[in-house]
Amino acid sequence: MTATVTLSDRLPLRCGLVLPNRMMKSALSEGLADAGHGPDVRLERLYTRWGAGGYGLVVTGNVMVDRDHLGEPGNVVIDDDRDMDAVTRWAKATKDGGVPIWMQINHPGRQANPLATRHRPVAPSAVAPKIPGMPTPRALTDAEIEAIIDRFAATAGVAEAAGFDGVQIHGAHGYLVSQFLSPSANQRTDRWGGDPQRRMRFVLEIVRRIRATVAPSFALGIKLNSADFQRGGFSEDESRNVVGQLADEAIDLIEISGGSYESPAMMGRDGRSASTRAREAYFLDYAQTVRAVAGAVPLAVTGGFRTVTAMADAVGSGACDLVGIGRPTCTIPDAAASVLGTETDRLAAVSITAGLRGPLAKMSFARSFDGALDLQWHTDQLHRLGAGLDPDPQRPWWKTMVTMLQRNGLDAFRSKRS
């Protein structure tokens, strides 16, 4: 009989890297770049805490591959080796704790933040996202698409040279890779769109070009939507097809998430059935349906895990190989050590709202405001850790509203990030 897999078990990957356990600190956008969009020393302090947190894998927040297109203010950009010393210190701060670290690499496409990006957003097609205040993007040319693919590979090469153990392509949450996969965002009729096979060409070419740039021992993962939860968008059937194609490539880990900032299922909001919202692990049902398609490629599931029982059951049942933890790590930097050391049976989840009442609470703006407020409150915790302070779980919402305005102006009040 095969022994049941536990959260403490090691996880060997195709590239040869062995993760020390099945707990992953998932990507959270930190907003801690310096004025030139290089890694600030605050990132070293933050990742020192996570490096000592008992995780089997730590994944950074989204690092942009093009400094002309940013997802939000404070993004780190790595499109050449100008910040190599700082990037190297960032990796070392985590690895000194005995934890592998992967850099999540990303291009925002049409979700480029208007306050942080001075250029017109670009996308597969000139289709605006259904997010208030976001402009209609310009459709990319064939040559520009090829150049962006090269940027992903170049950033991966810098990450490898700096001592990172791998990279994760951000292919979820409505960013550029996700836009190419979606029939509603990608309305091209050339080799980059028109049917599911051509829509997935972009991500497959990124995978292949990165693999051609880095050593076989350097890990390569991807964060992929189960669906984008929008009418006419990327479906679970299409997602399973993409997983099957990726499994035939030299990929080491597929992390399952879902949604976009038009339908933010990854934050437990919108797009999913009531029964799914009421349970832990928002995307575990989908992971179970894709398990056979993924073959030998390990699956990580992120979103909603809170109890040790649910985490252990997910891994023990084989539904996923790695449990991703996001927002709880903002207030509990050593969340993995607490779980694996049986010091807790539940990770505290803080949900921040402004507590609007009456007709205001029923307006769509109220939901968007509370979503943005909750994300920014967790960002405030990361900034505290980056400043060498401990988290403040009692931080009042109104203080976060002040920092939201300071960082992002009125644009702070739309949900974004992760």
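Among the residues of region 384-409, those identified as touching an Asp or Glu at 6+ places or on another chain (Cβ under 8 Å) and either among the aromatic types (Phe, Trp, Tyr) or part of a helix (DSSP H, G or I) (or both) are Arg384, Gly386, Lys399, Thr400, Thr403, Asn408. Based on what the data block shows, is Asp68 within 24 Å of Phe152 (Cβ to Cβ), of a type in the set (Asp, Glu) and in contact with an Asp or Glu (Cβ under 7 Å, 6 or more places away or on another chain)? Taking the combined requirement at face value, the residue does not satisfy it.
Applying a threshold of 9 Å to beta carbon distances and a minimum spacing of six or more residues, or different chains, the list of pairs starting in region 197-208 at a residue that is in contact (Cβ under 8 Å) with a residue 12 or more places away in the chain and surrounded by 18 or more Cβ atoms within 10 Å (Cβ to Cβ) and ending at one that is among the acidic types (Asp, Glu) and not in a helix (DSSP H, G or I) reads Val207/Glu249.
Counting only helices (runs of 4 or more DSSP H) wholly contained in region 273-316, the ones carrying 3 or more residues that are modelled with pLDDT of 90 or more occupy 284-294, 308-316. Among the residues making up region 24-67, a single one is surrounded by fewer than 21 Cβ atoms within 10 Å (Cβ to Cβ) and among the polar types (S, T, N, Q): Thr48. Of all the residues in region 71-128, those that are more than 25 Å from Leu140 (Cβ to Cβ) and acidic (Asp, Glu) number 4. Looking only at residues in region 137-174 that are among the charged types (D, E, K, R) and in a helix (DSSP H, G or I), the one that is farthest from the chain's Cα centre (by Cα) is Asp142. Only one entry of Thr329, Thr307 meets the criterion of being more than 19 Å from Pro391 (Cβ to Cβ) and in contact with a Leu (Cβ under 9 Å, 6 or more places away or on another chain), and that entry is Thr307. When Thr48, Thr94, Thr117 are checked against the criterion of being in a helix (DSSP H, G or I) and out of contact with any Phe, Trp or Tyr (no Cβ under 9 Å at 6 or more places or on another chain), Thr48 stands alone in meeting it.
Residues checked against (1) surrounded by fewer than 24 Cβ atoms within 10 Å (Cβ to Cβ); (2) at pLDDT below 95:
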| residue | (1), (2) |
| --- | --- |
| Ala112 | no, yes |
| Met134 | yes, yes |
| Ala139 | yes, no |
| Asp142 | yes, no |
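The values are calculated or read from the model by the stated rules, or taken from the named source; none is laboratory data. Note that the coordinates shown come from a computational prediction; the quantities given were computed from them, not determined experimentally. Note that we place each Cβ from the backbone using ideal geometry, even for glycine, and neighbour counts take in every protein chain shown.
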